[in-house]
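Every number in this text was worked out from the coordinates using simple rules, so none of it is lab data. This structure is a prediction, so every number in the text was calculated from the model and none was measured. Methodologically, a virtual Cβ is constructed for each residue, glycine included, from the backbone with ideal geometry; neighbour enumeration extends over all protein chains shown.
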Amino acid sequence: MTSATSQSAAGPTFQLLGGVALHGVPAEDAERLLTQSKVVALLACLALAAPRAFTRRDRLVGLLWPELDQPHARTALRKALHLARSILGEDSIVSRGDEELALSPHALVCDTTELREAIERGLLARAVELYQDELMPGFHLPECQEFDGWLEEQRATLREAIVAACWALAQNLEASNNGTLATKYAKKVTRLDKTNERLLRRAMQMLDRLGDRAGALTVYDEFTRRLRKDLDADPSPETVKLAESLRTGRSIA
């Protein structure tokens, strides 16, 4: 009895980073929920809302059922809520009045919430560890353009936050003379933000200062390959000049 209560208090975990998954419920229940893309999208909307914020029902139906009129869209929302609550628990999604909904953080744990809290508390290494890959990779709703646009904005915002956290961590570690870990995060930041040449140059310079000139050139070469493959473009002259100075051993101060 005590064990069941403890497990219930902990709640299931809703994973959005690096892929969508549901842990802490029977496998058949997780599959039943995850195969319903609108239910997944509904939970994502609630999970990605500002901490302790409620979302209005009309906002949710507009994002998820734009093809339906209001009565039918509201019915679809009620069905989605019923399925989610039947699997996650009646208290997993709470209401405020008749028009607002929110996830209960005590009933459903979400990795994006944990990541944001880690950043707010200054636990930058934990935040970077949690960011396994981008938010809900490959997920989209074909007939819901507004939702897809909203999700892309969420991906970009989260990516920017984790890149900033990773770079701040690298700087803090360099300042505290922890060159080994500073090198690790300087390299990682260039893989998190695949297009920011200014940040790439700063990371290359940091790696050079830390005595890892080979690592600086490796991240440059990786960046160049990605740029040519994805955008059929070359790095800027400023970035090329920095790489050449590293290869020839000239000072970049």
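For region 112-248, rounded, prolate or oblate, judged on the Cα gyration tensor with a ≥ b ≥ c (square roots of eigenvalues), a/c < 1.5 rounded, else prolate if a/b > b/c?
Details: a/c = 3.02, a/b = 1.32, b/c = 2.30.
Verdict is oblate for region 112-248.
Seen from Thr13, the other residues with C-beta closer than 13 Å to its C-beta sum to a net charge of -2, counting Lys and Arg as +1 and Asp and Glu as -1. Only helical runs count toward this figure. For the chain, summing -39,500 (n - 2.57) over DSSP H runs of n ≥ 4 and dividing by all residues gives -20500 deg cm²/dmol at 222 nm. A Cβ-based charge dipole, computed about the Cα centre of the chain with Lys and Arg at +1 and Asp and Glu at -1, lands at about 800 debye.
Ordering Leu43, His106, Ile87 by the projection of their Cα atoms onto the charge dipole of region 1-147, which places +1 on the Cβ of Lys and Arg and -1 on the Cβ of Asp and Glu, puts His106 at the extreme positive end.
The count of lysine pairs in the chain with alpha-carbon distances below 27 Å, taking only pairs 8 or more places apart or on different chains, stands at 11.
About the centre of its Cα atoms, region 112-248 shows a dipole size close to 780 debye [charges on the beta carbon of Lys, Arg (+1) and Asp, Glu (-1) only; nearest 20 debye]. Could you work out the equivalent-ellipsoid semi-axes for region 2-109, taking the square root of 5 times each eigenvalue of the Cα gyration tensor, largest first, in whole Å? Computed over region 2-109, the values are 23, 15, 13 Å.
So, counting K/R as plus one and D/E as minus one, what does the shell of residues with Cβ under 15 Å around Gly89 add up to?
Values: positive: Arg32, Arg85; negative: Asp29, Glu90, Asp91.
Neighbourhood net charge equals -1.
Taking 16 Å as the cut-off, the amide N atoms of region 125-143 that come nearer than this to a point 7 Å along the Cα-to-beta-carbon line of His72 belong to 143.
Selection among Cys144, Thr190, Asn177 by position relative to the dipole of region 112-248 gives Asn177 as farthest towards the positive end (Cβ unit charges, Cα centre). Taking a Cβ cut-off of under 13 Å around Glu100, the surrounding Lys, Arg, Asp and Glu residues balance to a net charge of +2, with basic ones at +1 and acidic ones at -1.
Give, rounded to the nearest 20 debye, the magnitude of the charge dipole that region 90-150 has about its Cα centre when Lys and Arg contribute +1 at Cβ and Asp and Glu contribute -1 at Cβ. Provide the component values of the computation, followed by the final result.
Numbers: 4 positive and 15 negative charges, 74 e Å.
With only Lys, Arg, Asp and Glu charged at Cβ, the dipole is about 360 debye.
Of all the options Pro71, Pro137, Pro12, the one that moves most in a Gaussian network model of the chain with Cα springs shorter than 10 angstrom is Pro71.
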